[in-house]
Structure formats: C-alpha cells, structure tokens
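The values are calculated or read from the model by the stated rules, or taken from the named source; none is laboratory data. Note that the coordinates shown come from a computational prediction; the quantities given were computed from them, not determined experimentally. When we count neighbours, we look across all protein chains shown, and the Cβ atoms used for this are built from the backbone with ideal geometry, even at glycine. Protein only, heavy atoms only, side chains kept; ligands, DNA and RNA dropped before computing areas. Shrake-Rupley method; radii C 1.70, N 1.55, O 1.52, S 1.80 Å.
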Amino acid sequence: MLWSFPPIVFLDLRRDPPHAIDTAWRGNTNFYKAKFGFTKSNFLWKFDVPVKYPPERGPFEGKNFGESEMRKRTKARECALKILYAIEIAKEKPEDAIGIFWDNSDPVESDVKDYANVLVRGVAKRREKIDELIAKHATNWQLERMAVIDKNILRFATYELLYSDEMPPKVAINEAIDIAKKYGDRDSGKFVNGVLDKISKTEDKDS
C-alpha cells in the first residue's frame, strides 16, 4: 500500500468507465476532501500534499525528435492525461494534482515530467478557450457529455496544436489518437481524430 492512511480506492482507467469513478466520488461523503493520484494503471485517492512549482517552459523546445525523444513525449502525454483526469473528477487544483501524481509515481526522466507539467498547466491556463474550440468542432456533442478521457486527450492535443511549435500537427494528432485507443473505448480514436483534424485545419495557431 502506497499510503499508510485510509481511504484508498483502486479503479482501473482502462476498465472502469468515467461515470463509475464519478459516481464513486459523488456518492460517498467520506471522500469529500480526498485528493486524486495515479500509479501505473490504478486510480487512487489521496489527501493534500505540499506542491513545488517547476519551470513552465517545454523541455523539448528546439530539439530534433528521434525515437527516444518521441517515446518520452508519448509518456509525458500519458502522464498529463492522468493528471488532467484527476483534476476533472476531483475538481482538484492543477498544482495539487501535479504534486500528488509525481509524489506517487515511479521515477521518470526529467524531460517527461517537465513536459507533462507544461501540458497540464497549458490546458489549465487556456481551458475556457480550448473547451470552446472542442465544443465547436465536436459535431452533435456537448462537452459535458463527452467521456472524460476523450475530453482531456482533446484538451492537451488542442493545446499542442494551437499553442506549441514543437511538433508538426500530424504527429501531435497521431499521438493523441494512439493514446485515445489505449485509454478510451472502441470509438475514442476515431472521435479524437475527427475533432482534432477540424481544429488543425480551421483554427489559427496562437503561440
């Protein structure tokens, strides 16, 4: 057990649907002040911890991306998704969620950690605009009815498309699709692809 105090609830991101996690949160007042953290594929509850504020600049900026860097970038996106997921479900503050996640994760390369933090903070800073664009281009879908995983993949990918010059749009979209297929449901990859393709083709970059 990672923490010596209760309560701890284990839920698997790849198995338990978002609405079940949301129900568990809202349906039990014992968890009202609990915090979220992740370890591996499990979803955990945790109380508040001190948070430090690492640099905001992306660690990959200006680099030529080889296979090793691409793997780091993929890992960073997956970590960002888990942190954004915790923020959404627990109504957690971004810095608290970031601190809890890294305090309870296996060590990763500094590039991975820094870029995941950049994505989370970037989405948090521009969330209203990003959500507006997602809703605009997700035909026949209301934002609040989207699967939480799909929605947060769209958020960090939209941030990358419009507010970062580090990678070609096609690569960023393909990475988001792969993560959606891994963590979402059967149709998540197709859904994410459709929305991001529209955003990429119609919206101006604002870096």
Of Asn104, Asn152, which residue is of a type outside the set (Phe, Trp, Tyr) and closer than 20 Å to Ile173 by Cα?
-> Asn152
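Among the helices (runs of 4 or more DSSP H) lying completely within segment 77-193, list those that include at least 2 residues that are within 23 Å of Asp204 (Cα to Cα).
Filter on segment 77-193 gives 110-125, 127-137, 148-163, 169-183.
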Does segment 118-131 contain at least one residue that is of a type in the set (Gly, Ala, Ser), surrounded by fewer than 22 Cβ atoms within 10 Å (Cβ to Cβ) and modelled with pLDDT under 95?
-> no
Could we say that Thr158 is in contact with a Leu (Cβ under 7 Å, 6 or more places away or on another chain) and free of Cβ contacts under 8 Å to residues at least 60 places away in the same chain here?
-> yes
Check off (1) open to solvent by 20 Å² or more (accessible area, probe 1.4 Å); (2) closer than 17 Å to Asp131 by Cα for Ile199 and give me the number that stays unchecked.
-> (1)
Out of the residues in segment 132-147 that are touching a residue at least 12 places away in the same chain (Cβ under 8 Å) and small (Gly, Ala, Ser), which is most open to solvent (accessible area, probe 1.4 Å)?
-> Ala147
